[in-house]
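Working notes, beginning with the structure itself.
Derivation of every value follows stated rules applied to the coordinates shown; laboratory data play no part. All values reported here derive from a predicted model rather than from experimental measurement. Note: ideal-geometry Cβ built from the backbone for every residue, glycine included; neighbour counts use all protein chains shown.
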């Protein structure tokens, strides 16, 4: 693809500044003696989704702030020994002075660089080394805030220790930094979630002169309320928050989170929907919304990600051939792969309405388009005993058939070669011998199966009470010959060592056609975001942060392969019908239309890149710094974050009435390769966009 065409691929209108103008590796920050510390329980400690946020954001943070940026977290040896390269800070550096001061007080402190993109500096505190100070910290917390922590809540106790260690370190660092430069130090401390929020409480109650930012990725009480199957969003303004937290025995944790939200100088959440939640549960509106991004690796040619889709799809084909052996009566060229994945939260992740919608989709396809088959994968880690014997057997017999045919092919090739050398034209009897026919028949008999293909790839513990399997039974989705929707429940995360798939998660996503994430409670939603940057269309909801973000920043999300299901303003039955209709509409697209839609979806990866979304975190830091250090206001007065806006694609008709028939005759196999690029309308669209 020409350089000119490549430059046209991505476009934004009415867009904001990105971070590219500020990525000076901390040169400006060093001159201003400005330091940024980011504290979180998930620094070099993989325990949840926030780990992905902090890890992926590290690159743009270090590119902007260089050695003036440092992450703080707990020392967890199992993770740290593989993810952290231990090293001391340079001599005559205030970080080294502060670390040594902490060690002199008896605390174990590990320093070095985190082995992720950007290699940020990290300081890890061994929580156990400060446990002897726990009672003192809890007494101070009670005296200053009337917040008591139960002795038996180990996680809350660790959060208290962590918070006060952060406060103590920042205090020591501030003393050391005063002699580091002629300029007084300007320090910002950014804490994520309630576990690190105690650091803000301690810094503010001890009156340490630093700017503070607190980010909640999901409120603690909100998680508990949604897990309890309450009508959460319709009752947000009616909850007695103190009573609800008390009933769930998390009142002290809730108070820690709420205190951090009110004591910080700038409070942020990751999405508008979480901001509404925080307003009612934490009683403070967020100052800034800081959406989550990803490190997007661009391909130099447009068709490369299409090629990756084709390669990964072929690997999924191999799994399907084995899993559905004996009932393999559908055409893989007319088979679409849908999937959903995440933590096993049946209601919160929308698995309930996904299964219901699949049942409706099954009916739609039977009645109107019987030649299309949908294989729906559900990837949720659950308790299992082992792999399902039928799944393993299917892959064994298909491998045996493939090996047998490969051997026969080689033998036939040799015989043809020998016969042709002798001047004879081979006939059928010379090529396929009786022994070969016997071997093929044995394989065919092995492929016969009495029962139906299994729903799950594993033996699930207490499968009769498993919510997904129960819902599948209720909807009669049993993978029969007549079903156009086939279900595969894979109750563990994917990895390349998996004997069934042999794919890691990224490869699997690339091979699928549609990601379906109809979540009820999803503060952001990395799964649809990951689909987007890989050029895979996805279904999300207006109750997920990602869905709200896309709705606000794209004129017509559906044209770009982002289907947003309404789960906020309509009832559940209407949401199920809408989801089923979206999936049915997608199933009716021709191969060429799907290629064009993937091209559009991949264009949105620019929108989700940290180089663009990181500007919101920068805005939060600036707001906090100018609050505490008013003399900074003049330096940052011209930095305003605008609005990202993707227009409707020009090749997309404004309404269905003016479009061509959406279900043209099936394309001939091979006529539209999966790595095909833009059609004429796509090129015209890009030309017009470039001329604006």
The distance between the Cα centres of the range 178-201 and the range 280-352, in whole Å, is 38
Longest principal axis of the chain (C-alpha) makes with the long axis of helix 303-323 (C-alpha) an angle, in degrees to the nearest 10, of 60
State the antiparallel share, in %, of DSSP beta bridges confined to the range 322-477, rounding to the nearest 5. 20
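Using the per-residue mean of other Cβ atoms lying within 10 Å as a proxy for protection, in what order, highest first, do the peptides 428-438, 462-472 fall? Intermediate values should be presented prior to the final figure.
Working: 428-438: 11.5, 462-472: 16.4.
Answer by packing, highest mean first, reads 462-472, 428-438.
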Subtracting the Cα-Cα distance of residue 385 and residue 441 from 0.36 nm times their residue separation yields 16.7 nm
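Give me the extension gain from residue 182 to residue 392: residue separation times 0.36 nm, minus the current Cα-Cα distance, reported in nm with one decimal.
Numbers: separation 210, 0.36 × 210 = 75.60 nm, distance 6.90 nm.
Gain on stretching residue 182 to residue 392: 68.7 nm.
Let me know the shape class of the chain, please: from the alpha-carbon gyration tensor, a ≥ b ≥ c as square roots of the eigenvalues, rounded when a/c is under 1.5, otherwise prolate if a/b is greater than b/c, or oblate. Intermediate results must be reported in sequence, preceding the final value.
Values: a/c = 1.87, a/b = 1.77, b/c = 1.06.
It comes out prolate by the Cα gyration axes.
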Give me the angle, in degrees from 0 to 90, between the Cα long axis of helix 610-628 and the longest principal axis of the Cα atoms of the chain, rounded to the nearest 10. 10
How high is the relative contact order of the chain, in percent, counting Cα pairs under 8 Å that sit 6 or more residues apart? 16
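Quick check on the chain: of the DSSP beta bridges with both residues there, what percent are antiparallel, nearest 5%?
The answer is about 15 percent antiparallel.
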Compute the angle between helix 251-263 and the longest alpha-carbon principal axis of the chain, please, reported from 0 to 90 degrees and rounded to the nearest 10. 70
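Which of 629, 560 has the fewest other C-beta atoms within 10 Å, and how do the rest follow up to the most? Intermediate results must be reported in sequence, preceding the final value.
Values: 629 19, 560 24.
Listing 629, 560 from fewest to most nearby Cβ atoms yields 629, 560.
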Set the Förster radius R0 to 60 Å, insert the Cβ-Cβ distance between residue 592 and residue 104 as r into 1/(1 + (r/R0)^6), and round the FRET efficiency to 0.05. 0.30
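By per-residue mean of other Cβ atoms within 10 Å, what is the highest-first order of 316-322, 186-192, 607-613? Don't skip to the end; give the middle numbers.
Values: 316-322: 20.4, 186-192: 25.3, 607-613: 22.1.
Descending mean neighbour count gives 186-192, 607-613, 316-322.
Within a 10 angstrom radius of the beta carbon, how do 490, 458 rank from fewest other beta carbons to most?
Numbers: 490 24, 458 20.
Final ranking by Cβ density, sparse to dense: 458, 490.
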Taking the Cα centre of each part, how many Å lie between the range 50-71 and the range 472-526? 32
Less than 18 Å from a label point 7 Å out along the Cα-to-Cβ axis of residue 314: which backbone N atoms in the range 496-538 qualify, by residue? 501-504, 507-513
Indicate the gyration tensor shape class of the range 44-88 (rounded, prolate or oblate), computed on the Cα atoms with a ≥ b ≥ c the square roots of the eigenvalues: a/c under 1.5 is rounded; otherwise a/b larger than b/c is prolate and the rest oblate. oblate
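Between residue 568 and residue 425, what's the calculated FRET efficiency when r is the beta-carbon distance and R0 is 60 Å? Round to 0.05. Before the final figure, lay out each step's value.
Values: r = 72 Å, r/R0 = 1.20.
Result of the calculation: an efficiency of 0.25.
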Stretch residue 206-residue 470 to full length: gain in nm at 0.36 nm per residue minus the Cα-Cα span? 89.6 nm
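Go ahead and run the numbers for FRET between residue 31 and residue 285, Cβ-Cβ distance against an R0 of 41 Å, rounding to 0.05. List each step's numbers first, then the result.
Details: r = 35 Å, r/R0 = 0.84.
My answer for the efficiency is 0.75.
Per DSSP H run of at least 4 residues, take -39500 (n - 2.57); add these up for the chain, divide by its residues and hand me the 222 nm value, nearest 500 deg cm²/dmol. List each step's numbers first, then the result.
On the way: 25 runs with 313 residues, N = 692.
Computed ellipticity for the chain at 222 nm equals -14000 deg cm²/dmol.
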Could you tell me what percent of the DSSP beta bridges with both partners in the range 36-143 are antiparallel, to the nearest 5? 45
